[in-house]
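Written below as structure tokens is the structure these notes are about.
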Amino acid sequence: MLIRFLAVCALTLLAACAPKRIPGTEIDDTSDTRAILSVMEQYRSAIEARDANAIQALVSKDFREDGGTPGDPEDDLNATNLVPYLEALFPQLQSPKVEIDVRRVQVGKDVATAIYYWKVSWRMPSLTPRPQKEAELEQMVFRLEDGRWRILSGI
């Protein structure tokens, strides 16, 4: 009887010491991870709304994206050319739908990364009458600037 009681006490203590998780995830529940998830949700929502300025408000002044071709600077995006690029792209898109499933968030002192699975669908009648879809595992990098997490890369 005493052994069973001690075992229950030990399990209770271990459970109490386990890190708190965001419900439905394996992500630690901290103010930083919640803030990063909020930025990612704002990003998702801005894409669906086709709101280039809302996306611009989420990125760092040092935002950089290589456009999938690291050796070709012609298609690189940065904080300066992001809005004109999106403003040219968004009118061509119809009904964008985005799902973001965040798998992991790692937070450092001023930099954080989020690994997420992204599923997006849209229509682009000027390209094809058929709906387009894409899904892949991505990484978004954030930097803490003036007390706010901003996207450094990974959109």
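Things worth noting here:
- Selection of region 115-139 for residues being in contact with a helix residue (DSSP H, G or I) (Cβ under 6 Å, 6 or more places away or on another chain) and either touching a residue at least 40 places away in the same chain (Cβ under 8 Å) or of a type in the set (A, V, I, L, M) (or both) yields only M124.
- A57 vs. criteria out of contact with any strand residue (DSSP E or B) (no Cβ under 6 Å at 6 or more places or on another chain), modelled with pLDDT of 95 or more, within 26 Å of I22 (Cβ to Cβ) and not aromatic (F, W, Y): yes
- Single residue of region 29-47 satisfying the filter (modelled with pLDDT of 95 or more and open to solvent by 60 Å² or more (accessible area, probe 1.4 Å)) that is farthest from P91 (Cα to Cα): E41
- Matching residues in region 80-114 - criterion: being surrounded by 15 or more Cβ atoms within 10 Å (Cβ to Cβ) and small (G, A, S): A112, A114
- Summed over region 115-155, the residues that are closer than 19 Å to D28 by Cα and crowded, with 18+ Cβ neighbours inside 10 Å give a count of 6.
The values are calculated or read from the model by the stated rules, or taken from the named source; none is laboratory data. Source: prediction; values computed, not measured. Every residue, glycine among them, receives a Cβ derived from its backbone with ideal geometry; neighbour counts consider all protein chains shown. We work out accessible area using only protein heavy atoms, side chains counted, and drop any ligands, DNA or RNA first. Shrake-Rupley method; radii C 1.70, N 1.55, O 1.52, S 1.80 Å.
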